[in-house]
Every structure is written in C-alpha cells, then in structure tokens.
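To start, the structure itself, in structure tokens.
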Amino acid sequence: MATESRHIEDIISGIRESTYEIQTESRLAYSGLKREQDIAGVLERYAWLYNAETVRRAEEAYHAEGDPGDKERLRRVYHYLLEGYVDRRTAPLEDDLVTFEAGATVEVDGETIPYHNVPVLIAGEHDFERRERLQEAALAVVVEGNPSRLEVLRVRLGALANEFGYESYTTYNAERKRIDYGLLRSRMDGFLVRTEEVYAALMGRWVKETTGRGLGEIGSHHFAYVSRLPQYDEYFRKDRLVVAYGRTLLGLGLDPASQKNIHIDAEERPTKNPRARCYAPDPPGEVHLLIKPVGGLEDYMAFFHEAGHAQHFGNEDPALDYVERAVSTSYALTEIYSFLLQHLARSPAWLTAVVGLPEETAREVAYHAGLAELFLVRRYAAKLGYELDFFEDPFEEERNRGLYAATLSRATRFLYAPQNYLNDMDPGYYSADYLRAWITESMLRHHLEQTYGEDWFAHPEAGGFLRGLWASGERDENEDVARTIGYEPFDTTHLVGQFIDLG
Ligand SMILES: [Zn+2]
C-alpha cells in the first residue's frame, strides 16, 4: 500500500511536469517564439507516464479506493493519464495535420492565398460571389485532410475500445466528464424550439440587411461576413484593448498591476497567432494571457473570453491540492468565467462606461453581439446532437456527412457544407462543455445583476464574490456553481430569456 501510494504521487508529479512542458511548448509556438510545435516529442519524453501499464495501475488504484475524496482524485488522475496515452498514440498524426494545414494554400482568382487566411478574407469580403469562391477553395483543403482525421479517430476509438473496454465514445465521455448527455440534449432541443421564432425573425432581418438575401438561402461561411460589424471598429481600437481590460478589473476591485502571476503578452511577432489565448501551465503561479490586438468587437470579445480563463486560473487558492487546481473533470467550469467576461460586450452599461461608446451605439452593439451569440448557442446545440448521432456509427461516412449538413443547417438556417463533418468537431464532446457553461453563465450573470445591479462589473463586492468562486479552482463541477447561487442545474430559463428579450 505504501509503495502503491508512493507510485501515485510520482504519477501526479509526472502529470504536473509534463503538463507544464506541453502547455509551454504550445504557448511558444502559438505566440511566435518557436517555429514548430512538437507535442509528440514531449509526450515521448513522458512515455513512462503515458503508457497502458501506468494507466492500468491508476485505474486499479481508483477502483480500490474507498474514501470518496481520494477516489475522486484518483478518478481524475486515471482519466488524465488515459487521455494522455491516447493522445500519445494520435499526436504524430495530428502534428502532421497541423503542419499540412499551416502550409496549405488555395488559388482564388489567380491569386495564391494561405489556407489559414481564408476565414479572415471571407469575413471582410463585400463581394458575395468571391466569398463563395474562397469557401469552395478552402473546402478542397478540408477534403484532402479528411482521411487523416478519420485515421486519428480510428486510432483513438480503437485504443479506448480494444485496450480499455470503452465500446462507446459517448459512454466513455459521460463517465469521464460526469455528464448525462441525453439530459443536456433534451434541454437544448427545448432551447431550440423556444428560441426558434425570435431567431428566424431577427437573423432573417440581419442577413437581408447585410447580404440582400434570405435566411436559409446562403452558406454558413457568410455568417462571418454578416456578423463582422465593421461600422463599430472605431470604438474598439486595438491600442485601447488592454486599457479596457485594466479598467474592468479595477472596477471589480482586482488590481491588474498586482497580478504578477498573470503574464500579458501583447507583443507583435510575425508568426504569432492573432487569436487571443490563455495558458495556465501551473495555476495559479503561472498564467499567460496572449493577444496580438487587431481591434474590432470580435477581437475584444475573444480577448475578454481568454481573460475570464486567466482570472479563474490566476485567482485559484495556491493551498489546494494540485489535482484540484489543474486536473479538471471537463472544461464546463472554466468556460463559465470566460463567457462571463466575454458577454460584457452584450452589456450597454459596460460598453458606455468602460469602452466609451455613445449610448445609442452601445445598444446596437449589445443587440448584435446578443444575436450573434444566439446563432452560436443554436449551432452548438445542433453540434451536440450531431456528435451524439455521429458516434453511434462513426465510420459510416455517407450517413455522417448528410447528418452533419442537415442537423447544423436546420438549427441555424445557414447551409452547412457536408465536407466539414469531421473538421467541425472537437474531441471529447467539447460542445457539451460549452453548452453547460452557457447555461450556468446565464444564471451567474442573472445573479450578479440581481445582487449588484446592471453595472455589477463596477462593484468590488461582485469581484470579491467571483474571487471566492475562482479560489476553488477546478474542485467543483459547473452545476455546483448553479446550486451555490440558488439555481437548478440544466435549467435553460435564463438562457432562453436573455435571447427572447432581443425581440
Ligand atoms: Zn474558453
């Protein structure tokens, strides 16, 4: 017993060290400080940890443990190792796919364009037909990568089924993430029904205004153009972004200057990914918030999303056990806090007080940000339904292509290309993590508004309350937060209500 528990502590130290290295490797590549990302290399250095034998030892220790607290700790360790082991098997394939996409180009109107630039070009392109040509060219690259994506899935599902007895990917994730997917799906189906009318009316109007066409007639790639909102760019200047962040924190009684553990990297580097991102290689001691500001509403929202993660991880209680600080059950908890800060862009009060918008403009921006989000929630509700059906029969390609296009198109009324049926899917039912966070965030925001007012972000007491939640790190589940503030888990009333109010 003493040797076995010694072994478990060695395993946890290994998780801590390897996680630090993986996160750092990813951050250096993402921020343009390193040319190529080599996660597979890091995982190979930890082959003693991420191998079938170690996973089985952790599994046995987990099943043998009687104390509920220790059992939960071992449960997380077991699943973390198992994921790491499967990742080690798929990492070379996935690294190749990343390299392939990074080097891929498309030919449009006689011009050679990097594949990764296509979405940005589509969002800013006024010519409808050229947006179509850009999309068509990008889809050819997607199709080229699909055999590799299927191979990754084959390896992943094969390892889980043949080596660990998880025949169903859905059952596996339900156990790992402690979630009833059937319940969540039925709640989200209800959400889709209840928001259908307001969505069709308001989105129909927005699409008509921006493209001159009807909702239901155009491809999903046009949404980026519809929701781009360049008329508000002057208010969301790139050189004011970090200032708005500082003001927001000060309003909540959090002093950004004293948060020495949260490193902001806003430097311009040629190969830095412009999309904001948060890394927490060892929370709360070391957290990074990355941004290459380009300006605009979307840039602000993406940055505040990541800032929400950074505040959560950076304010964790350092006295917590490592597993409770860093080995989460799912992403559903931390996404509550990223959504909370991201959704400040839906608050006219915040847009006027912190960003400095005129009142009328603030109302317009908040409205459009809300409508764009309704699109997203409906899209993710459809993604969850599609993914659950997909994993019933993952290698039935014809069926799944059709299922993807039909399910996503029905919920959003934009036409989805069947070619994206693998590309548009994150592993581990991340869609469900997001949906759980959307539900609970709507409750948390409602609670903050009821307790501190519409301008809760300007109340240090609200900041103190949030710090209290953040201090518990990854210990609790998303639904525990709902219960803590007096709401019923998976109740979509507030989520529905905030969108109905748009009408
Ligand atoms: Zn996030």
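The values are calculated or read from the model by the stated rules, or taken from the named source; none is laboratory data. Please read all numbers here as calculations on a predicted model, not as lab measurements. Positions of Cβ are backbone-derived with ideal geometry, glycine not excepted, and every protein chain shown enters the neighbour counts. Surface accessibility is based on the protein's heavy atoms, side chains included, excluding ligands, DNA and RNA. Shrake-Rupley method; radii C 1.70, N 1.55, O 1.52, S 1.80 Å.
The table for this structure:
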| item | result |
| --- | --- |
| Between region 208-241 and region 476-499, the Cα center-to-center distance that results, in Å | 30 Å |
| Net +/- balance of residues flanking residue 460 in space, Cβ distance below 14 Å, scoring K and R +1, D and E -1 | -1 |
| Residues whose placed amide H lies under 5 Å from that of residue 166, excluding near-sequence neighbours | 161 |
| Residues of type lysines that residue 292 reaches as a straight line, Cα spacing below 27 Å, ignoring anything fewer than 8 places off in the same chain | 34, 238, 260, 272 |
| Per residue accessible area of region 2-177, 1.4 Å probe, in Å² | 49 Å² |
| Accessible area of region 30-166 belonging to carbon and sulfur atoms, whole % at 1.4 Å probe | 51 percent |
| Vicinal HN-Hα couplings computed from phi for region 384-389 (Karplus, 6.51 cos²θ - 1.76 cosθ + 1.60; Hz; Gly/Pro x) | 4, x, 4, 5, 4, 5 |
| Cut-off under 5 Å, modelled amide H: who pairs with residue 106 long-range | 113, 115 |
| Stokes-Einstein diffusion coefficient of the chain, Kirkwood radius over Cα pairs, 37 °C, 0.692 mPa s, in µm²/s | 137 µm²/s |
| Spatial separation of Cα centroids for region 103-142 and region 296-312, in angstrom | 27 Å |
| Between region 1-51 and region 414-471, the Cα center-to-center distance that results, in Å | 29 Å |
| Backbone HN-Hα couplings from phi across region 419-427 [Karplus 6.51/-1.76/1.60, Hz, Gly and Pro as x] | 4, 7, 5, 9, 4, 8, 9, 9, x |
| Debye-sum result for region 402-503 in log10 I(q)/I(0), which assumes one identical scatterer on each alpha carbon, at q = 0.21 Å⁻¹ | -1.12 |
| For the chain: relative contact order, % (alpha-carbon pairs under 8 angstrom, 6 or more apart) | 17 percent |
| Sum of -39500 (n - 2.57) over DSSP H runs of 4+, divided by residues of the chain (222 nm, nearest 500) | -20500 deg cm²/dmol |
| Stokes-Einstein D in µm²/s, Kirkwood radius over Cα pairs - region 2-177 at 10 °C with 1.306 mPa s viscosity | 84 µm²/s |
| Amide H partners (placed H, <5 Å) of residue 32, local residues excluded | 273 |
| Rounded, prolate or oblate (a/c below 1.5 giving rounded, otherwise prolate when a/b exceeds b/c) for region 19-91 by Cα gyration tensor | prolate |
| Whether region 171-280 is rounded, prolate or oblate, judged on the alpha carbon gyration tensor where a/c under 1.5 counts as rounded | oblate |
| For region 91-174: rounded, prolate or oblate by the Cα gyration tensor [a/c cutoff 1.5] | prolate |
| Candidate lysines - alpha carbon under 19 Å from residue 71, same-chain residues fewer than 8 apart omitted | 177 |
